[in-house]
Every structure is written in structure tokens, then in C-alpha cells.
Amino acid sequence: MLDKKIRQWILTLIILVIILIIASLSGLAIGSTKIPLTDIIDILLNGKGTAEYSILMGIRLPRIIIAIAIGGSLSLAGTLLQGMFRNPLVEPYTLGISGGASLGVCLTIVFSLHTKIGIMAYPISGFAGAGLVIFMVYTLSIRGGALKPNTMLLTGVMISFVASSLVMLLMAISKSDDLHNIVFWIMGSLDEPNITLIKIVCYGSMAGLVISLFHCHNLNALALGDEQAALLGVDTAKTKKILFIIASLLTGLSVSVAGIIMFVGLIIPHFMRMVIGSDHRILIISSFLGGASFLIMCDIFARTVISPLELPVGVITGIIGGIVFIYILGQKQVRL
Amino acid sequence: MRETTPNKTILEVKNLSCGYSKTNISILQNIDFTVSKGEMVSILGTNGSGKTTLLKTISSIISPAKGKILLQGEEIKNISLKERSTKTAVVMQFQNAAYMTVEEYILLGRLPYFKKFQFFETQKDIDLVHKYLELTNTMELKDVPFNEISGGEKQLVSIARALVQEPVLLLLDEPTSHLDISHQAQILNLINQMKEQLGIAVLIVLHDINLASEYSDTLILINKGTRTIQAKGKPEDVITEKLIKKVYNTDVYIKENPISSKPCVFLSKKENIVPMNQ
């Protein structure tokens, strides 16, 4: 049984990595300037100085790296939140965590915090906003010692509304320079010129993935409820604290770099659970890989569908995610 | 009859008061009893008398307000969470397990034995899971999602999960409620077999007095009015018309089961019904 399971898991991982490689190569090749797949390696090795080389290295490759880190992060954050809350509908966006992070980043833009403490101001404020919202949603949804899923989702949606209203308020009172920055960033794009931010989001997502993997058994136990998990020897309070921090870190980093990209954390974990089952040992890593490929493909679509204009990638994920949300809501296992 | 000398004592409850801390009222007070190796002790009492609260306190879900709980002579609050879960296994009334299959669910019972950084289960873990899938007659359910099996099957599978924990003490909260008699018999016979063969100490909350009488070595009868133990001892000492009347405030007739010679409780319809209109 174990051998069969390991074989199945390895096969899944190989397939997901192949999909990721195909998606990445397509991302390199497809765009307003088409670069044939066969030429890519040649250009990367020998084409220094050519226009194609700077398109690949300066624009497309960083974009793919960001898509991998952010798609993986958001999908992983969704998996962790769904595991902790035992609810397939929660994810960074539906719980208002993305909204909190975006409010944090807007405050940074308006109060020019980045000029005082450097570029790190964006991820830090995103993380702080995300963490604050998770804490609020969690404490507000506990009634009489039990977590009420419907209260939690509604609280999350309301916090999202409040956060976006506050963002609009900030936009209304801000200077036109800041306004441009906020609008540009809120649209949600994987275009990020700052190499430090790219590095931070990459390291952050990798750290989140590794730490989550250490908690995969605890997440499996939490599926039975907090009491039962504790009876199986899991320190539930500590585990939840760590996972809360990781989920806000992943969301905060993603939002500070790419704005709000909705529903990646809903679509991918749901799809992966259907394919590979609910064991977090494989679910965590396959959600990460799946989320990475998914966001690259959405980005290719967003870049090309009304070329030469670009759609914000959040538009694509929002449409797909909204439909998937309604579909999951109709499933018989989902009780609100 | 199995001997119950003090050195075989698994669980010792001393002068325990328990209740939910928020209400600040002890539901139960001055609770004293022991459970020995290979002994099955049943807790009986009316609805709301605190049977489940007592079980939750002993399984450390709720902290006791007063008194001590000793597991194999060591105070339970001093035993680490992980070690405790290799010694006690608990089957609560309502089980939920999201999307996992029955086999994955039972395998979680081996979690307390996983070493730090252990990623995969060992062959021993898998063998134990299969052994209890077979013992509980649930082998054919192993790949079915837990949430799609029936109530009786959920109970059986939950007991299998508790047994793969290889506990010395098994705590069960009404494992037979809402089940038909075939499932009731299957579950209690399984527990009886485990206690006989493996010497597991069993503490069980039961609603059905006759089932408790038939299967238990010792009964504990809780009185909701006095919030403490009304009587404890062998079934024939506890199940008397006087004690049952006192605790349940109901008239019953008690006869001996002709086969097991355990006491058996009968209700009877009231003969002298007062007309409603008078």
C-alpha cells in the first residue's frame, strides 16, 4: 500500500513539474513579440545584447518567476486555511486577508513609508495587514468556543468590503502621484521591476512551503477537529499560530508585489483534492506547483487576449474562481 | 472473574470536580473511582448528568476544577500530549473527517507514534490499520470517503482508529447510541474482545442500562441531583429498583437475564392513566 501510494505521489509530482515547465516555456515564447521555442535556449546562451535577449531576461523570465512564487504562495495559503478551518471555501481572498494586505500596502504608498524604511515597507505592511485580518476573522467567528464557518466567511467578506472602502478613501484623499501608484498596483499585475521584491517573494514562498511541509501531519489531524487532533497528540494552538503566520506571510508578500489576485487559493486546492485526495503530505506541494502553473497560464492569457493591451491577471482568476466557488457551494459535502 | 489488584490499576480518579470553566459551576463533585487492566467500567446517568463532561475531563479536553486524575500512577497533566495519546484513545460521539478515506482516517491513529521529521508511515502502522479494518469488518470501506459511510460504520471505524493507537485506556462516549441492535452487539462484543485479549482498560458512557449491565464489570451510577456518584459496583449491586428509581425517578422492574444472569431493566406502560379532561 505504501509503495503504491509513494509511486502515485511521485507520478503526480512529475506530471505537475512537466506542466510547470511547459507553462514556463510557453510564457517565455508567447507575447507581443513571438520567440520560437527552439530559439529560446540559443538566445539565452549566445544572444546577449539582442532585443530578444532583453525581452526574455528583462521582462518575461522575471514575470514567470513571480508567477511561480505568487501562484504557489496563494494556492498554498488557501490549502493551509482550508485545512485549519475545515472549509473548502476559505482562501486569502474570501477571508478578507488579501483585502487587509492591500490596505496595508496602500497606507505605505500614501504615507510614503517606502522612502523612510526602503522597499521592504511594502512586504512588511502587506504581511501586517494580512496577519491583522486573520486574527480578526478568527476571533470574531468563534462563538461559544466553536468556530462557525458561515460567520467566518461572512466576516471575511465584510472585512474585504471595509478594506476596499478604506482603500478608496485613501485614493480619494491622496495626491495624484500616489493615486497613480495605487491604481496601477491595485489592478494586479505580475510586472515587477524591483529585483529585491522579486527575491523576497521567492524566498518567502519557498520558506512557507518548507515550513508547511513540516506541519502536514498536524494538518491531517486537524481535519478531525481541534479536540480530536489534540487527542492524537497535536499541539493545536501552536500549530494554528504557526500556520496563521505562514498564511499571512504568503498572502502579504503576494499582495505587496502583485496586488489582489483572487481565488487562486480556492481553485487549485479544490482541483488538487479531487485529483490526489486530501492527504496534506502531497496536497501541500501539489497545490504549490499547480498554483504556479495556473498563474503562468492565466498571465499568458491576460497578456495576449486583447494584445497589444494587457488585462490584469486578477480579471481572469476572478472569473474562473467565482464560477468554481458557486460550483463548490453546490457540492453535498459543503455545509455552511 | 479477572483480578483487579492495585498494581493493575490503569486509571485512578481522586476526589475530582469537573465542569466547564466558563459557567464556574462544577457539574460533578467528589468523583472517586478506578479502572483496572482488562476491566470495563460503564458510566450511567440521566441526560445532562455530566457523563460526557466527566469523560472529557479524563481525556484532558477540559481541565478538572479540583482533584486528581492518575494514569498508570502518574498525574495525567504531567504527561506530555504526545505520550498521553499513545496511552489513551478516545472515541467521541460525533465524528467528522472532511474528505479523507476510511483508511486514511484510521491511519491518523498512528500519528502519536510518528517520530519527528517522519514523513511516511511504517509497515507496522499499515499492518495495524489493516488488522483493525479486518477486526471491525470494514475492510471493504477502506477507500470510501469517511463522510459517505453510515452512522454505525462511522462508529466502528472510529473505534478502529482508537485501537490502532494501541492504548492502555480506551474512553468511549455512547458508542452505541442511534444504532440498531446488530451494530450495538458488534461494537460491544469488539470492545469486550479487546479488553479480554489485550487487557485494555475501558471506560464507557452508556445510555442503555441493559447493555451496560450485560457487558460491564463495574457500573458507576451518577445522580444529577446530588451531582456525584450515587452507586458503583457490580451490575447486580447497582441495578436495583431502589437505586434506579432514585436516579432516574422512574418505576422499573428488574429481572435476571436467564442466560447471563445479569440484571435486566423493564419499563412498563402506566396502568392508571388519569383522564385528561378532569
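The values are calculated or read from the model by the stated rules, or taken from the named source; none is laboratory data. This one's a predicted model, so the numbers in the text were calculated from it and none came from an experiment. Positions of Cβ are generated from backbone atoms using ideal geometry, with glycine treated the same way; all protein chains shown enter the neighbour counts. Accessible surface is based on the protein model in full, side chains and every heavy atom, while ligands, DNA and RNA are left aside. Shrake-Rupley method; radii C 1.70, N 1.55, O 1.52, S 1.80 Å.
What to note about this one:
- Per-region count, segment B:96-110, residues closer than 19 Å to A:W9 by Cβ, within 7 Å of chain A (Cβ to nearest Cβ) and either within 21 Å of the chain's Cα centre (by Cα) or buried (at least 23 other Cβ atoms within 10 Å of the Cβ) (or both): 1
- The residues of segment B:244-268 that are aromatic (F, W, Y) and either part of a strand (DSSP E or B) or within 13 Å of B:L219 (Cβ to Cβ) (or both), listed by number, are B:Y253, B:F266.
- Filtering segment A:220-259 to residues that are aliphatic (A, V, I, L, M) and in contact (Cβ under 8 Å) with a residue 60 or more places away in the chain leaves A:L222, A:A223, A:L243, A:I245, A:I246, A:A247, A:L249, A:L250, A:L253, A:V255, A:V257, A:A258.
- Residue match in segment B:15-26 (condition: modelled with pLDDT of 95 or more and either open to solvent by less than 70 Å² (accessible area, probe 1.4 Å) or not acidic (D, E) (or both)): no
- Restricting the first member to segment B:172-197 and to residues that are on the phi > 0 side of the Ramachandran plot, and the second to residues that are open to solvent by less than 30 Å² (accessible area, probe 1.4 Å), the beta-carbon pairs closer than 7 Å and six or more apart or on different chains are B:E174/B:V205; B:E174/B:L206.
- Residue in segment B:177-233 that is most open to solvent (accessible area, probe 1.4 Å), counting only those that are of a type outside the set (A, V, I, L, M, F, W, C) and in a strand (DSSP E or B): B:K232
- Evaluating B:P167 against the criteria (1) open to solvent by less than 40 Å² (accessible area, probe 1.4 Å); (2) within 13 Å of B:M100 (Cβ to Cβ); (3) of a type outside the set (K, R) leaves one unmet condition, (2).
- With a requirement of 2 or more residues that are under 23 Å from the mean Cα position of the chain (by Cα), the helices (runs of 4 or more DSSP H) lying completely within segment A:1-78 that satisfy it span A:2-29.
- Segment A:193-235, residues that are among the acidic types (D, E) and buried (at least 19 other Cβ atoms within 10 Å of the Cβ): A:D226
- Residue list for segment B:72-95, restricted to those being more than 9 Å from chain A (Cβ to nearest Cβ), more than 14 Å from B:I10 (Cα to Cα) and assigned to a helix (DSSP H, G or I): B:K77, B:N78
- For segment A:192-230, a residue qualifies if it is within 9 Å of chain B (Cβ to nearest Cβ) and more than 18 Å from B:K116 (Cα to Cα), and the qualifying residues are A:A223, A:L224, A:G225, A:E227, A:Q228.
- Note on segment A:279-327: residues that are among the polar types (S, T, N, Q) and surrounded by fewer than 18 Cβ atoms within 10 Å (Cβ to Cβ) total 2.
- Within segment A:260-277, residues that are part of a helix (DSSP H, G or I) reach partners that are hydroxyl-bearing (S, T, Y) and modelled with pLDDT under 90 with beta carbons closer than 7 Å, at six or more positions or on different chains, in the pairs A:R273/B:Y99.
- B:E121 vs. criteria among the acidic types (D, E) and facing another protein chain (nearest Cβ under 10 Å): yes
- In the set B:G38, B:G67, only one residue is surrounded by fewer than 19 Cβ atoms within 10 Å (Cβ to Cβ) and not basic (K, R); that residue is B:G67.
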